[in-house]
Amino acid sequence: MTDFYNPQSRDPSVSRRPHNRRDAAWIRELLARVNIGRVATVWQSEDGFPFPFITTLAFAYRPGTHDVVYHTNITGRLWANVGQGHPATFEATEIGCLLPSNNPLELSVQYRSVVAFGTARLLTEREEARAALTVLSERLFPDLRIGQQTRPILDADLARTSVYSLAVTRWSGKENWPPMTDQTEDWPALTPELARLRPAVPGPARIKV
């Protein structure tokens, strides 16, 4: 089992379940739909102890350069971690419904996800950072064009944020979206009320402010 999960001997971008795997075209389509992703980075101390960290953020995938771009505060944990040059991992997910079952091991959720592996870098060239920030802004707000509906991105703006590019070296797409999950015949079946699908993400009306 150790060798099976060793990324030096087995590509971590290859899913264990072939029937859930999706191709590059499917991955690109999902990255074009989903607005929020998560970047996993690590900071390593002088004694070699790793401190992993996950940052949730808005992103844009650029097919032409095959990278994911995003921006955060001018300094912070993400900035420090990226500065050490370790590999990074990006994830984006589309969530459907919770799937009930009378078998606790079969309780499940509908999801579509992408995981991308690569190395992130801080964009220090001003025009490179401006171009990435423009792509990100117009991807999230396609009706707000930079320099038209909004003012241009100023040098002063770039001085207040850190813009990153995660160059994708490998990626994987995975989908688990069945209409229902497995049930067991060794226990009474769920009633129609209990067998109903539940929203995995609360709707706006359910969120307490």
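Each value in this text was obtained by applying a stated rule to the coordinates, not by laboratory testing. Since the model is a prediction, treat every value here as computed from it, not as a measurement. Cβ coordinates were reconstructed from backbone atoms using ideal geometry, including for glycine residues, and neighbour counts include every protein chain displayed.
Computed quantities for the displayed model
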item: Cα-projected label distance for His66 with Arg126, points at 7 Å along beta-carbon direction, nm; result: 3.2
item: Calculated from backbone phi, Karplus (6.51, -1.76, 1.60) coupling profile of the stretch 184-200 in Hz, x at Gly/Pro; result: 9, 8, 8, 8, x, 5, 5, 5, x, 5, 6, 7, 5, 6, 10, x, 6
item: Which labelled figure in (1) 29, 21, 14; (2) 38, 22, 15; (3) 36, 23, 16 is semi-axes √(5λ) of the Cα gyration tensor in Å, once derived from the coordinates; result: (3)
item: Separation of alpha-carbon centers, the stretch 112-156 and the stretch 171-186, rounded to whole Å; result: 36
item: Neighbour net charge for Ser162 - beta-carbon separation under 15 angstrom, K R +1, D E -1; result: +1
item: Backbone N under 20 Å from the Phe51 label point (7 Å along Cα→Cβ), restricted to the stretch 111-127; result: 120-122
item: Net dipole in debye of the chain [+1 Lys, Arg Cβ; -1 Asp, Glu Cβ; about Cα centre; nearest 20]; result: 440
item: Estimated FRET transfer efficiency when R0 is 41 angstrom, pair Asn176-Gln44 (beta carbons, to 0.05); result: 0.75
item: Antiparallel %, DSSP beta bridges [both residues in the stretch 73-209], to 5; result: 95
item: Note, ³J(HN,Hα) from phi for the stretch 167-175, Karplus 6.51, -1.76, 1.60, rounded to Hz, x at Gly and Pro; result: 6, 7, 9, 8, 8, 8, x, 9, 9
item: Computed [θ] at 222 nm, helices only, for the chain once each DSSP H run of length n ≥ 4 contributes -39500 (n - 2.57); result: -5000 deg cm²/dmol
item: Selected from Asn6, Pro152, Asn103, residue furthest toward positive end of dipole (the chain; charges at beta carbon); result: Pro152
